[in-house]
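Notes follow the structure.
The values are calculated or read from the model by the stated rules, or taken from the named source; none is laboratory data. All figures in this text were calculated on a predicted structure; none of them were measured in a lab. No Cβ is skipped: glycine too gets one built from the backbone with ideal geometry, and neighbour counts run over all protein chains shown. Heads up: the accessible areas ignore ligands, DNA and RNA and are worked out on the full protein's heavy atoms, side chains in. Shrake-Rupley method; radii C 1.70, N 1.55, O 1.52, S 1.80 Å.
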Amino acid sequence: MLWVDKYRPKTLDKVTVHDQVAQNLRKLVSEQDCPHLLFYGPSGSGKKTLILALIKQMFGAGAEKVKMENKTWKIDTGTRTLEIELAMLSSAHHVEMNPSDAGFQDRYVVQEVIKEMAKNRPIDAKGKRAFKVLVLNEVDKLSREAQHSLRRTMEKYSASCRLILCCNSSSKVTEAVRSRCLNVRVNAPSEDQIVQVLEIIGKKENLHLPAGFAARIAAQSNRNLRRAILFFETCKVQQYPFASNQVAPPLDWEQYVSEIATDILTEQSPKRLYAVRQKFYELLVNCIPPESILKKLLTELLKKLDADLKHEICHWAAHYALCMQEHKMRLGSKAIFHLEAFVAKFMSIYKEFLVATFG
Amino acid sequence: MAPLVPMSQPWVEKYRPRQVKDVAHQEEVVRVLTNTLQTADLPHMLFYGPPGTGKTTTALAIAYQLYGPELYKSRVLELNASDDRGINVVRTKIKDFAAVAVGTARKAGYPCPPYKMIILDEADSMTEDAQNALRRTMETYSKVTRFFFICNYISRIIEPLASRCAKFRFKPLSEEVMSSRIMHICNEESLNLDAQALSTLSAISQGDLRRAITYLQSAARLFGSSISSSDLISVSGVIPEDVVKSLLAACRSGEFDVANKEVSNIIADGYPVSQLMAQFLDVIVSADDIPDEQKARICKKLGETDKCLVDGADEYLQLLDVASETIRALFDMPQTLVF
Ligand SMILES: Nc1ncnc2c1ncn2[C@@H]1O[C@H](COP(=O)(O)OP(=O)(O)OP(=O)(O)O)[C@@H](O)[C@H]1O
Ligand SMILES: [Mg+2]
């Protein structure tokens, strides 16, 4: 088992980083009438850990007996029958799924699953909770239609089905859905907190950490705890005892994007643009999200640019990221065009800058 | 068994008014409706307005008051976005429902008018085609049915449908109105809320009573029966003033990298950018030392960015773009580079 899973706190008392949030959650579910919840915060900040611990708090160990299945829904749209398959994790008390994986059909999934759960409502025996919990991940990626269709359903079945929604960016969740939940912010841990977690893991694994080692990993992780723990484990595999100056190797794809940045800083030409396109393809077929590629590329470029250019380039990055998003909504993902357009834009601005500065 | 059901419901449902007269202060709406309820002659209706202002509540309350609990099932059809599966299903469902003649059954104490009621909640998520199809259905059954459309955005309802309805706009609730409903709940739940806490609660829920009730319930669970203003702020997730101010301070430094660092931290802390920008706008507008021209430039950017966020833009990149434009405005740098 990976350390990220092995050292995931299983109960709310054991949660170290967000202990205050954890305590609050425990009080919140002390009665049967807690509201729907929306957890939001950056990736790797610990939302999932809190949610799992919360469910355990609500239902006890029974909620840990989960099974994974690929469920198929047959949906009659009036004109034809759709079949949608989606992975689903469930216990006797809860169901967890990622409805945005169903793409344009996401709304059918959220509609069906809630109604189905409401139908199979658990019989209340001996003070056990009379509702089931439905965990929906990545709700910020749900289509507008799917979010809209959650509105009334969330209210109507609130006695038998409680929702826990989870997302990175709550700005992308419609106001009507946010209004129906208690919003819980889960901030990324600070570097100090990450160091603490790493030290605890080090202790449990009986490892000796040279001075400054944990801090270096924490700094490298961009406040992403999951990443920090993965880096830590990679280092262990790479070399133990740790060298005093050891660092985790950067992720492959990030390394690749840095190379793209160097490529376009050194030469601005149609030929280079073409070469870069091949690299983008490579990244995309490896399922690296195009927004992440664009953001990483921007970060790398910003390291090398003059102040004036930074403003200009960050503006265009924001612009093309938005195009990418709009495109996805309308026409399916042709993210490559926008990545390429950004690079072309960059090249023309940068070239003009070079000519103006150095003649 | 039965009493368990309400117990496991969140307060927003527990305190959903059952009677039109208890719907807090959608004054105009309530007045007109109470009148029509007496004569039991309703037009088709369209309720629109922001979340948590009582639209669904009112529609359901009307239905209950007209038919009473026993006839409700046979006279009222509630369809919402989660039932809507394209034109055909909606059409057949409505036809099937409308085509069965209303019985003459009456219940003492209820007006029981001789028509059925169809509530289309979340009508704004119906496709235009589906709405067009409804037009005809509405005409066909106009004698025996009344339609209620409910939505957040009236602009998503096609004109021919909207024009057939009496329209009611539900406004964000005023502080007074919210307070009186909140006080009512506090009494029922034996909670103590001082005047300051009460006004804070209205302020942070921005006219959305559902949100206010959720905050109240959460605060009650976390802090017990005596709830202070700061308790409410802590459950609401309002962005602390410091965060907003330090973003402005970073921009004032004129250093792109300083601003970028601040933006990254804000994103890592998980603050919702749309909300942050609303607060940033307030800080900019009230800053005495920023000339109007610069303010205008920043505000324009904030407006554009808000739209981008609605369209699903990346939060980090948008906020960085705002910070960058703010720096450029504050230092009178041109918006695009000229070489
Ligand atoms: N005017 C009001 N008077 C009393 N309670 C209200 C009022 N508005 C909202 N509430 C409370 O908020 C809850 C949600 O209200 P309601 O379902 O009517 O909102 P809505 O206007 O339909 O919102 P949405 O657009 O999100 O569907 C109700 O259960 C009730 O507790
Ligand atoms: Mg409603």
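Quick check on segment B:200-221. Is at least one of its residues away from ligand 1 (no atom under 16 Å from the Cβ) and either over 24 Å from residue B:17 (Cα atoms) or surrounded by fewer than 16 Cβ atoms within 10 Å (Cβ to Cβ) (or both)?
no
I need the full set of residues from segment A:145-158 which are within 8 Å of chain B (Cβ to nearest Cβ) and open to solvent by 10 Å² or more (accessible area, probe 1.4 Å), in order please.
Selection gives A:145, A:148, A:152, A:155, A:156.
Determine which single condition residue A:48 fails, assuming it passes every other condition in (1) touching a residue at least 40 places away in the same chain (Cβ under 8 Å); (2) buried (at least 19 other Cβ atoms within 10 Å of the Cβ).
With respect to (1) touching a residue at least 40 places away in the same chain (Cβ under 8 Å); (2) buried (at least 19 other Cβ atoms within 10 Å of the Cβ), residue A:48 is out only on (2).
Among all residue pairs at least 6 apart or on different chains, which show Cβ distances below 6 Å where the first residue, located in segment B:10-24, is within 14 Å of residue B:212 (Cβ to Cβ) and the second is more than 15 Å from ligand 2 (Cβ to nearest atom)?
Here the result reads B:10/A:33; B:10/A:35; B:11/B:217; B:15/B:185; B:24/B:177; B:24/B:181, each pair linking segment B:10-24 to a residue that is more than 15 Å from ligand 2 (Cβ to nearest atom).
Could you go through segment B:274-294 and let me know if any residue there is within 16 Å of ligand 2 (Cβ to nearest atom), open to solvent by 30 Å² or more (accessible area, probe 1.4 Å) and touching a Gly at 6+ places or on another chain (Cβ under 9 Å). Outline the logic, then answer.
Filtering segment B:274-294 down to residues within 16 Å of ligand 2 (Cβ to nearest atom) leaves none.
So far as segment B:274-294 goes, no, none of its residues is within 16 Å of ligand 2 (Cβ to nearest atom), open to solvent by 30 Å² or more (accessible area, probe 1.4 Å) and touching a Gly at 6+ places or on another chain (Cβ under 9 Å).
Looking at segment B:36-69 only, could you name the residues that are away from ligand 2 (no atom under 16 Å from the Cβ) and over 15 Å from residue B:23 (Cα atoms)? Give the steps one after another, and end with the answer.
Applying the first criterion (away from ligand 2 (no atom under 16 Å from the Cβ)) to segment B:36-69 yields B:36-44, B:65-69.
B:36, B:38, B:39, B:40, B:41, B:42, B:43, B:44, B:66, B:67, B:68, B:69 - these are the residues of segment B:36-69 that are away from ligand 2 (no atom under 16 Å from the Cβ) and over 15 Å from residue B:23 (Cα atoms).
If I filter segment A:107-119 for residues that are in a loop (DSSP other than H, G, I, E, B), more than 22 Å from residue B:52 (Cβ to Cβ), modelled with pLDDT of 85 or more and within 14 Å of chain B (Cβ to nearest Cβ), do I get at least one hit?
Start the filter on segment A:107-119 by keeping residues that are in a loop (DSSP other than H, G, I, E, B), which leaves none.
Taking every residue of segment A:107-119 in turn, none turns out to be in a loop (DSSP other than H, G, I, E, B), more than 22 Å from residue B:52 (Cβ to Cβ), modelled with pLDDT of 85 or more and within 14 Å of chain B (Cβ to nearest Cβ).
Any residue that is open to solvent by 60 Å² or more (accessible area, probe 1.4 Å), outside the structural domain of residue A:43 (by TED's automatic domain parsing) and not in a helix (DSSP H, G or I) - is there at least one of those in segment A:310-327?
There is no residue in segment A:310-327 that is open to solvent by 60 Å² or more (accessible area, probe 1.4 Å), outside the structural domain of residue A:43 (by TED's automatic domain parsing) and not in a helix (DSSP H, G or I).
Please name all residue pairs, on different chains or six or more residues apart, with Cβ atoms under 6 Å, provided the first residue is in segment B:200-214 and is without any contact (Cβ under 8 Å) to a residue 60 or more places away in the chain and the second residue is of a type in the set (Asp, Glu) and open to solvent by 10 Å² or more (accessible area, probe 1.4 Å).
Sorted first by the residue in segment B:200-214, then by its partner, the pairs are B:202/B:175.
Taking the criterion of being more than 12 Å from chain B (Cβ to nearest Cβ), more than 25 Å from residue B:120 (Cα to Cα) and away from ligand 1 (no atom under 16 Å from the Cβ), would at least one residue in segment A:177-193 satisfy it?
The answer is yes; a qualifying residue exists.
Residue under question is residue B:213, and the condition is that it be among the hydrophobic types (A, V, I, L, M, F, W, C), touching a Lys or Arg at 6+ places or on another chain (Cβ under 6 Å), within 16 Å of ligand 2 (Cβ to nearest atom) and within 14 Å of chain A (Cβ to nearest Cβ); does it hold?
Considered against the rule, which asks whether it is among the hydrophobic types (A, V, I, L, M, F, W, C), touching a Lys or Arg at 6+ places or on another chain (Cβ under 6 Å), within 16 Å of ligand 2 (Cβ to nearest atom) and within 14 Å of chain A (Cβ to nearest Cβ), residue B:213 comes out as no.
If residue B:239 meets every condition in (1) part of a helix (DSSP H, G or I); (2) within 14 Å of chain A (Cβ to nearest Cβ); (3) open to solvent by less than 30 Å² (accessible area, probe 1.4 Å) apart from one, which number is that one?
Result: residue B:239 fails condition (1) only.
Does segment A:252-270 include one or more residues that are open to solvent by 80 Å² or more (accessible area, probe 1.4 Å) and acidic (Asp, Glu)?
yes
With segment B:86-199 as the region, which helices (runs of 4 or more DSSP H) entirely inside it contain at least 1 residues that are buried (at least 18 other Cβ atoms within 10 Å of the Cβ), among the β-branched types (Val, Ile, Thr) and within 16 Å of ligand 1 (Cβ to nearest atom)?
B:175-188
Which count do you get for residues in segment B:265-296 that are assigned to a helix (DSSP H, G or I) and within 14 Å of chain A (Cβ to nearest Cβ)?
12
Mind listing whichever residues of segment A:25-74 are part of a loop (DSSP other than H, G, I, E, B), within 22 Å of the chain's Cα centre (by Cα) and either among the small types (Gly, Ala, Ser) or closer than 28 Å to residue B:213 by Cβ (or both)?
Those that are part of a loop (DSSP other than H, G, I, E, B), within 22 Å of the chain's Cα centre (by Cα) and either among the small types (Gly, Ala, Ser) or closer than 28 Å to residue B:213 by Cβ (or both): A:41, A:43, A:44, A:45, A:46.
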